[in-house]
Amino acid sequence: MRTYAGHSSATASNALYRRNLAKGQTGLSVAFDLPTQTGYDPDHELSRGEVGKVGVPVSHIGDMRQLFDGIPLAEANTSMTINATAMWLLALYVGVAEEQAEAEGLDRDEMLAELAGTTQNDIIKEYLSRGTYVFPPGPSLRLITDMVAWAVQHVPKWNPINICSYHLQEVGASPVQEVAYAMCTAISVLDAVRDSGQLPDDRFGEVVGRISFFVNAGVRFIEEMCKMRAFGVLWEEITRDRYGIENPKQRRFRYGVQVNSLGLTEQQPENNVQRIVLEMLAVSLSRNARARAIQLPAWNEALGLPRPWDQQWALRMQQVLAYETDLLEYEDLFDGSPVVQAKVDEIVDGARAEIDRVQAMGGAVAAVESGYMKSQMVSSLAERRRRVESGEDVVVGLNKFDTTEPSPLQAEGAKAIETIDPEVEREASEAVRAWRSGRDSSTVDGAVRGLREAAKTGTNLMSATISCAKAGVTTGEWATALREVFGEYRAPTGVSGASAAGVAGAALAGVRERVAKAGEDLGERLRILVGKPGLDGHSNGAEQVAVRARDVGFEVVYQGIRLTPAQIVAAAVQEGVHVVGLSVLSGSHLEVVPAVVEGLRAAGVTDVPVVLGGIIPPADADELLKRGVAKVFTPKDYELTEIMDEIVTVIRKAHGLTES
């Protein structure tokens, strides 16, 4: 039982973890901030506004030491949601474990053998969804391969990779796509480890036995339960037939779950409580396909960062189910059900066909590089949004039953969510600079040089990475060394190949006419730049805006994620756009958005309005409007065609055009 937690600093997060463990939590789930996830130190330009917002900043072994102060790692079960820099964070964790062993007079190897937990380490879904990738697919797969091989040999209780289909569902995957692409990722990793020759053939079963999965459970809980049974069927089939694993324990489908945060609504957020409970049932009802670990979002995650009380409520939901109900006392309730079996067969058959399609392309890495899987996700989410906007899919409180009483849960206003003091970033930047100045520079330089040289060969990189951790190398320095060898990567956006079939209608046609008329009045086709400033990689909102803008007749400029405000301003000027639309979900809006507004003004561009979409608290929205943002959209503004219509109005106003 976990809650996904971490923010501000290692000290604050350590206190939070201790409180959660005291409340009965049985595992830790560490959320890292975006600079840590993407390999930057707190004082880097791209870290502006992102430090400590969506997780804890960990810049070096001193931070990791503080994060787990007073928590014996040999007794902990720690899940770390980390991907591109997973090797680095595991090295820091191992380094702290070794320090604890030395302090307690324990044998180092015995301590490592007791370490239990998971590094998510699924880079494929990062290219498709969350966007916290750093390196190209090939080198990224090498880092995963090296971690898996090293972990099997040195930390045998650790899950070195957690194949994560969770975010695939959040960016639009159907149950068939979620199952298929997760299995394709697992195949790519297992093939890479097998072919690397780092482990003898007779230990490959141990590799398979350490693979775990992290999935999403949506509110259609019968379908989700059948999806989990389908996962188990296919994993058994692949591990037995493709890899020849004879030990049934090693073939077991082991998974944890986070229920669907994307389905939580800003409108009537109290409804999120029953959504979360129903989604939890999807992964606990069927004993033969039951999650090994569950972490639940809080009811107010669509509003902002949950408070400790909100996280406690999510934990209590699990405890009530486990200790008060009789759900865990019976054999599988669904064995022999023809209805369930038919749905499982449907998902299995569809997933097999999609797996074969991806394998024919050359596997998951090739399907990422070609943009195939990303386009499938963008198109699928566009279709889901169409169904919600048309009312075909009902979301209570959003597109139906939307009359409501004032919520006492929100009576505290801004105090109803956790807020991060802006001083956190300044303090973290000062702290990392002080850390750098206090190290032995020759030891640091030698460790980084060793990492860089190892990366140029086929040597397993874990040992060199652990040496860097112990030497006091920072997160940014480790990632920079590998960037110099591997290069960086910008994944396909999937927008150009996506379609939003069935979106036509009177409303869309009307907006299309307004776009065309505004273009005629200005003497050129309307152009919109869709930008993702900062390190926030959750790009599905920006992609859907880009697709709908194209559908209504805008010329769309979308360059993907992870751009500085200066880069966005330069693109807006170069492309001669009529409006800049920014998408921010990480809480950095008060820092990065005004920087774009001010940058446009400094460039002499006064007639290009900036609009913003994201999880923006009302008080922050008011502040941004005062600082020059023309319009702020939040999750309650779910009808994209209406958003396009409002953007046309904003453009006309900026150019002094009267409505005709």
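The values are calculated or read from the model by the stated rules, or taken from the named source; none is laboratory data. Keep in mind the model is a prediction, meaning the values are calculated, not measured. When we count neighbours, we look across all protein chains shown, and the Cβ atoms used for this are built from the backbone with ideal geometry, even at glycine. Remember, those area values only see protein heavy atoms, side chains included, never the ligands or the DNA or RNA. Shrake-Rupley method; radii C 1.70, N 1.55, O 1.52, S 1.80 Å.
Summary table
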read-out: Residues with amide H under 5 Å from that of Asn162, placed H, sequence gap 5 or more; value: Asn121, Asp122
read-out: Gyration tensor verdict on segment 274-322 (Cα atoms; rounded if a/c is under 1.5, prolate if a/b is larger than b/c, oblate otherwise); value: prolate
read-out: Packing-based order for 334-340, 452-458, using average beta carbon neighbours within 10 Å, highest first; value: 452-458, 334-340
read-out: Formal net charge of residues neighbouring Val530 (Cβ-Cβ distance under 11 Å; K, R +1; D, E -1); value: +3
read-out: Per residue, in Å², the accessible surface of segment 518-632 once ligands and nucleic acids are set aside, probe 1.4 Å; value: 34 Å²
read-out: Near-label residues of segment 633-660 by backbone N, under 14 Å of a point 7 Å along Cα→Cβ of Glu513; value: 660
read-out: Listed peptides 172-184, 218-230, 597-609, 268-280 by packing density, highest first (mean Cβ within 10 Å); value: 172-184, 218-230, 268-280, 597-609
read-out: Carbon plus sulfur fraction of accessible area for the chain, probe 1.4 Å, in percent; value: 51 percent
read-out: FRET efficiency, Glu223 to Ala603 (Cβ-Cβ, R0 51 Å, nearest 0.05); value: 0.50
read-out: Estimated FRET transfer efficiency (Lys626, Thr658; beta-carbon r; R0 25 Å; 0.05); value: 0.45
read-out: Relative contact order (percent, whole number), the chain, Cα cutoff 8 Å, 6+ residue spacing; value: 16 percent
read-out: Radius 12 Å from Cβ of Gly576, net charge of other residues (Lys, Arg +1; Asp, Glu -1); value: -2
read-out: Cut-off 15 Å between beta-carbons: net charge of the residues surrounding Asp241, Lys and Arg +1, Asp and Glu -1; value: 0
read-out: Prolate/oblate/rounded call for segment 317-399, Cα gyration tensor, a/c under 1.5 rounded; value: oblate
read-out: Of the trypsin sites (Lys or Arg not before Pro) in segment 519-570, those whose Cβ has at most 16 other Cβ within 10 Å and which sit in DSSP loop; value: Arg525
read-out: Anisotropy class of segment 594-660 from Cα gyration tensor, a/c 1.5 cut; value: oblate
read-out: For segment 578-625: relative contact order, % (alpha-carbon pairs under 8 angstrom, 6 or more apart); value: 58 percent
read-out: Ordering of 359-366, 119-126, 76-83 by burial proxy (mean other Cβ atoms within 10 Å per residue, highest first); value: 119-126, 76-83, 359-366
